[in-house]
Amino acid sequence: MTATARSFLSVADLSPEELARVLDLSEAPVATPLLAGKGVALVFEHPSARTRNACEMAVVQLGGHPLSIRAEEIGLDTRETAEDVARTLACYHSVVTARVARHSTLERMRSAVTTGTKPVPVVNLLSDREHPTQALADLLTIRQRFGRLEGLTLAYVGDANNVCRSLVGAAALAGVRARVSSPAGYCLSDGDLGWASGLGGDVEAVSDPEEAVAGADVVYTDVWVSMGQNAEADAKRVALQAFRVDERLLSRAPEAIVLHCLPAHRGEEISAGVLDGPQSAVWQQAENRMHSIRGLLRFLLGEGG
């Protein structure tokens with residue numbers, strides 16, 4: 001008998017109703033240890049602090065055993081193919097999660113193990129395309145602070161990277177208006193904007209960061225130079241100088257909360273005063289990485305309602 005497991009590689013893998021359900025499960029008490037006696041594989045091609053800690057503790061809270069695996073231990077597409085790595089891990093684990101360099105690696109892993117007699121979900125812990133588990137924590141934090149999501153306005157300032165892409169997609173599903181302000185060369189593509197709009201979103205590119213932030217409920221930024229981008233670091237820092245979230249820019253949104261997926265470079269994409277200031281919700285956001293991943297696992301393992 002052939003069955004299919006539900007995976008999560010993109011925020012677009014959820015409907016608006018399912019996204020709300022995941023957020024609800026993130027806050028609901030755990031009545032059943034869904035992973036009792038079971039393992040969850042955590043594959044990391046890139047280093048991780050919050051994602052590894054959040055995932056390991058979420059699995060423990062569901063009664064399971066997390067196993068973190070470094071890139072050199074499995075050698076995706078060097079020691080063996082990504083498909084064979086996924087098939088091997090599926091022999092031992094109930095869920096396979098991975099932080100990878102290329103989104104296509106996740107798609108290949110999903111194709112290898114999500115159908116058959118023993119299907120296993122695959123979860124994207126970060127790829128060059130998206131960071132969807134981060135977006136879940138972001139929305140959970142916003143909902144906790146405002147008591148709702150629909151009708152709020154979010155301003156993202158800086159490099160429109162994988163974090164930004166997932167964020168505007170999730171915002172679209174939740175009814176949050178999104179403004180993205182980035183310099184030329186570091187903007188969301190027309191395809192990205194169309195994708196978010198196709199999810200039901202109200203998303204626009206705004207060249208002036210002050211205009212983007214004005215009156216926003218949430219102001220979000222991320223590092224200017226992500227992992228693997230050292231070769232273009234100097235050029236990015238020059239291009240993004242006018243897109244720093246500091247006290248002057250934040251004065252345009254005096255009632256907003258500030259989010260940052262971390263790690264933060266104080267004085268670069270965000271000032272220390274803003275990051276550590278009264279409008280910052282970054283540590284609540286960081287803790288919510290654990291809660292939202294727990295909610296996602298509950299959803300994928302059958303508590304979808």
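For the residue pair Asn53 and Arg6, what label-to-label distance in nm results when each label sits 7 Å from Cα along the Cα-to-beta-carbon direction?
3.0 nm
Antiparallel versus total DSSP beta bridges in the chain: what percent is that, nearest 5?
5 percent
Looking at the range 23-162 from every direction and averaging, what is the projected area of its Cα convex hull in nm²?
10.0 nm²
Using only the Cα atoms of the chain, build the gyration tensor, take square roots of its eigenvalues as a ≥ b ≥ c, and label the shape rounded, prolate or oblate: rounded if a/c is under 1.5, else prolate if a/b is larger than b/c, else oblate.
prolate
As a footprinting exposure proxy, order Phe146, Phe8 by other Cβ within 10 Å, with the fewest listed first.
Ordered from fewest to most neighbouring Cβ atoms within 10 Å, Phe146, Phe8 come out as Phe146, Phe8.
Measure nothing fancy, just the Cα-based angle from helix 162-174's long axis to the longest principal axis of the chain, in degrees from 0 to 90, nearest 10.
Value to nearest ten degrees: 90.
Say a paramagnetic label sat at a point 7 Å from the Cα of Thr117, along Cα to Cβ; which residues of the range 1-44 have their backbone N under 12 Å from it?
1-3
Taking other Cβ within 10 Å of each residue's Cβ, how do Trp224, Trp195 sort, fewest first?
In order of increasing Cβ crowding within 10 Å: Trp195, Trp224.
Can you tell me the orientation of helix 16-27 relative to the chain, as the angle in degrees between its alpha-carbon axis and the longest Cα principal axis, to the nearest 10?
Once rounded, the angle reads 80 degrees.
Could you work out the relative contact order of the chain? I mean the mean sequence separation of Cα pairs under 8 Å and 6+ apart, divided by the number of residues, in percent.
In percent, rounded to a whole number, it is 21.
Multiplying the sequence separation of Ser15 and Ala233 by 0.36 nm and subtracting their Cα-Cα distance, what value in nm do you get?
Computed gain between Ser15 and Ala233 is 74.8 nm.
How do Ile69, Ile293 line up, fewest other C-beta atoms within 10 Å first?
In order of increasing Cβ crowding within 10 Å: Ile69, Ile293.
Please identify which residues in the range 154-193 have an amide N closer than 12 Å to a label point set 7 Å out from the Cα of Phe146, following the Cα→Cβ vector.
Once the point is set 7 Å along Cα→Cβ of Phe146, 154-156, 171-172, 174-179 turn out to lie under 12 Å by backbone N, inside the range 154-193.
Would you mind counting up the charge near Leu106? Only other residues with Cβ under 12 Å from its Cβ, with Lys and Arg at +1 and Asp and Glu at -1.
-1
Round to a whole angstrom and tell me the spacing of the C-alpha centers of the range 166-223 and the range 64-117.
32 Å
Just so you know, all these numbers are worked out from the coordinates, no wet-lab data involved. These numbers come from a predicted model, not from an experiment. Glycine also receives a Cβ, built like all others from the backbone with ideal geometry; neighbour counts cover every protein chain displayed.
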